[in-house]
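J.: Supplied in structure tokens, the structure appears directly below.
Values in this text are rule-based calculations from the coordinates and carry no lab data. Computed from a prediction, not measured in an experiment: that's the story for all the values here. Cβ sites come from the backbone with ideal geometry, for glycine too, and all protein chains shown count toward neighbours.
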Amino acid sequence: MSFTAEVKDELARVLPECSHCGKATLAALVRIEGTLFVSGPGRYRVEIATDVPSVARLVIKLLHGIYQLRTELTVRRSVLHKTPNYLIEVPAQPHLPKSLLDLGVITKEGGLEVGIRPDIVAKQCCAAAYVRGAFLGSGFIANPRGDFHFEITVESESLAEGLVALLADKGIKARIMQRRSSYMVYLKSGNAILEFLAFVGAHQCALRLEQERVVKSVRNDVNRMTNAEIANQAKSSSAAVDQLFAIRTVLEAHGMENLPPALQEFIRLRVSFPDASIKELGERANPPLSKSAVYHRIRRIEQLAREAANRKG
């Protein structure tokens, strides 16, 4: 099961906080995932399709429980994806026009409602229920193990703006992007997605996302530390090779016995421990040397090597 399906399955089981929350959820589902057919004045029928069985059950439960509407369920199987699709048909019936008006799908004049009717989302719990229904209809959330991505696709800009406004009231900053003839309400940050899941009641999925965020953060920290360590080792190894070449040049030009004791000691240490860091070389000296003292010997060896090379040139 995809993470989107997990979230929808959990949201479909969230209990309403007030008597109007169910209507708010159904209103969003019908607006976003429903198709309205008109066969004459006041004659409507509706089709709602979903891939999640718990969402199909919720839609049927709300249509029956709130409006006592007759429904027909058809289970279709996609040849391409080999997954079932649930088609809920609400045929033309006497109470359907009044129900669609109450849901904010059509206006009193019989036209289509363009935005979100304020009375449907007047209470905070109903606003959460409406956004929950919107996600149940056309929401998508990427697997938290990968990049964070969240979107709800709607057909009208005014409906997208309404969803953005509802989320903004909870401090969740969403954006709108037009995609062909539809509009995408999207979130990109992990914090925003986490806040959304908590707002609509997907607490188990929010916990899983937070766990994945922690794992991802630790993994990134480890990768950064490993990369930094590798880079430091490569830098140290390159410096050690340069020092060994400089030592060979100095020994060829002066001989070990003609060098100061401090340089002789450094040469023995570097040749004996070619992979050691400057700090480690200093610790191996007798008596131990500071990093600055070791650096001073390195600079002196490099200077003698340059002078010897210039004489050869």
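J.: Give me the percent relative contact order of the chain, please, defined on Cα pairs under 8 angstrom at least 6 residues apart.
T.: 14 percent
J.: Only four residue types carry charge here, +1 at the Cβ of Lys and Arg and -1 at the Cβ of Asp and Glu. Report the dipole size of the chain about the Cα centre in Debye, rounded to the nearest 20.
T.: Here the size comes out at about 400 debye.
J.: Now a separate question. Run down the lysines and flag those whose C-alpha is under 23 Å from the C-alpha of residue 170, throwing out any fewer than 8 positions away in its chain.
T.: Within the straight-line cut-off, residue 170 pairs with 8, 23, 123, 188.
J.: While we're on this one: Take the alpha carbon gyration tensor of the stretch 232-312, find the square roots of its eigenvalues, order them as a ≥ b ≥ c, and report rounded if a/c is under 1.5; if not, report prolate when a/b exceeds b/c, else oblate.
T.: Oblate.
J.: Would you tally the net charge around residue 309, using a Cβ to Cβ cut-off of less than 11 Å, leaving residue 309 out, and scoring K and R as +1, D and E as -1?
T.: Neighbour charge sum, excluding residue 309 itself: 0.
J.: Quick one, which of (1) 18.3, 54; (2) 34.8, 111; (3) 30.0, 102 is the actual Rg and Dmax of the Cα atoms in Å calculated for this model?
T.: Read-out from the structure maps to (2).
J.: Moving on to the next point. Within 10 Å of each candidate Cβ there may be at most 10 other Cβ atoms; applying that plus a DSSP loop requirement, which GluC sites (Glu not before Pro) in the stretch 52-129 survive?
T.: Sites meeting the loop and neighbour criteria: 109.
J.: Under a straight-distance cross-link criterion of Cα-Cα below 19 Å, which aspartates and glutamates are reachable from residue 235, leaving out those fewer than 8 residues away in the same chain?
T.: 275, 280, 302
J.: Can you tally the net charge around residue 34? Count Lys and Arg as +1, Asp and Glu as -1, for every other residue whose Cβ sits under 13 Å from the Cβ of residue 34.
T.: Here the charged neighbours net out to -3.
J.: Taking the 0 to 90 degree range and rounding to the nearest ten, how far is the long axis of helix 203-254 tilted relative to the main principal axis of the chain, both from C-alpha atoms?
T.: Roughly 20 degrees between the two axes.
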